[in-house]
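Novice: There's a structure below that I have some questions on.
What follows draws every value from the coordinates through simple rules; no lab data is involved. Computed from a predicted structure; not experimentally measured.
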């Protein structure tokens, strides 16, 4: 699956922050994706934490050409297939199982699996994956823990998610084994509910300019 990892990195195109979205109202999906893309964050993760998530992915994939939409909180092979059929261009999971790896092997859609422990990282590496989600980042040891992984797991790159904010994102991005971070601060629930797309675009623009 190494070639799929490279495909995933190519989709990212150096974007430092992947917005992690929980879309409660499917009507917000398209304008939200457009606002984030205008702000410089076209690659977005729609989490399967709401009933409208799959339909939100479908609408974004169909109507927002400039967006690169993926599905998050994928827990099993059935959800993987459902999200892929809806138009997801990448799949994100908080962890990894043999079932998910099997689904990824049989799909053209790249997987970004979660891995924290050395055993989980080694298992993913055996699958040919060297770009992994580190979740929940802050609760699992944060920057100090990721630093400690850099030497024994040289060549493994991470996307920390969970507790990452505009304040600590630059510190994460400054680590040699971090490619990008995932965060929900660029699209706060209250702004989405109020349909404050200009404000979300401004937050996205600030996030897109972050560097370690």
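Novice: Apply the Kirkwood formula to the stretch 73-123: the hydrodynamic radius equals the inverse of the mean of 1/r over all pairs of different alpha-carbon atoms; give it in Å with one decimal. Intermediate results must be reported in sequence, preceding the final value.
Specialist: On the way: mean 1/r = 0.0918 Å⁻¹.
Computed over the stretch 73-123, the radius equals 10.9 Å.
Novice: The stretch 168-194 to the stretch 56-126: how many Å between their Cα centroids?
Specialist: 19 Å
Novice: Using DSSP, restrict attention to beta bridges with both residues in the chain and report what percent are antiparallel, rounded to the nearest 5.
Specialist: On the way: 0 of 21 bridges.
DSSP beta bridges in the chain are roughly 0 percent antiparallel.
Novice: Give the Rg/Rh ratio for the stretch 29-144, taking Rg as the radius of gyration of the Cα atoms and Rh as the Kirkwood radius, to two decimals. Don't jump to the answer; show the numbers that get you there.
Specialist: Working: Rg = 14.5 Å, Rh = 14.7 Å.
Rounded to two decimals, Rg/Rh equals 0.99.
Novice: If you don't mind, another one. Just the Kirkwood number for the chain, please: inverse of mean 1/r across all distinct Cα pairs, in Å, one decimal. Could you put the intermediate results ahead of the total?
Specialist: On the way: mean 1/r = 0.0593 Å⁻¹.
When all Cα pairs of the chain are included, the Kirkwood radius is 16.9 Å.
Novice: Can you tell me the Rg and Dmax of the stretch 42-87, counting just the alpha carbons, in angstroms?
Specialist: Both quantities, over Cα of the stretch 42-87: 9.7, 28 Å.
Novice: Let me ask something additional. Length gain on complete extension for the stretch residue 165 to residue 98, per 0.36 nm per residue less the alpha carbon to alpha carbon distance? Can you show the working numbers first?
Specialist: Working: separation 67, 0.36 × 67 = 24.12 nm, distance 3.15 nm.
Separation in residues times 0.36 nm, less the Cα-Cα distance, equals 21.0 nm.
Novice: Quick one: plug the Kirkwood hydrodynamic radius of the stretch 1-60 (C-alpha pairs) into Stokes-Einstein at 4 °C, 1.567 mPa s, and report D in µm²/s. Please report the intermediate quantities before stating the final value.
Specialist: Details: Rh = 12.3 Å.
The estimated diffusion coefficient comes to 105 µm²/s.
Novice: What does the extension gain come out to for residue 55 and residue 119, with contour length at 0.36 nm per residue minus their alpha carbon separation? Write out the running numbers ahead of the final one.
Specialist: Details: separation 64, 0.36 × 64 = 23.04 nm, distance 3.52 nm.
Gain in length upon complete extension: 19.5 nm.
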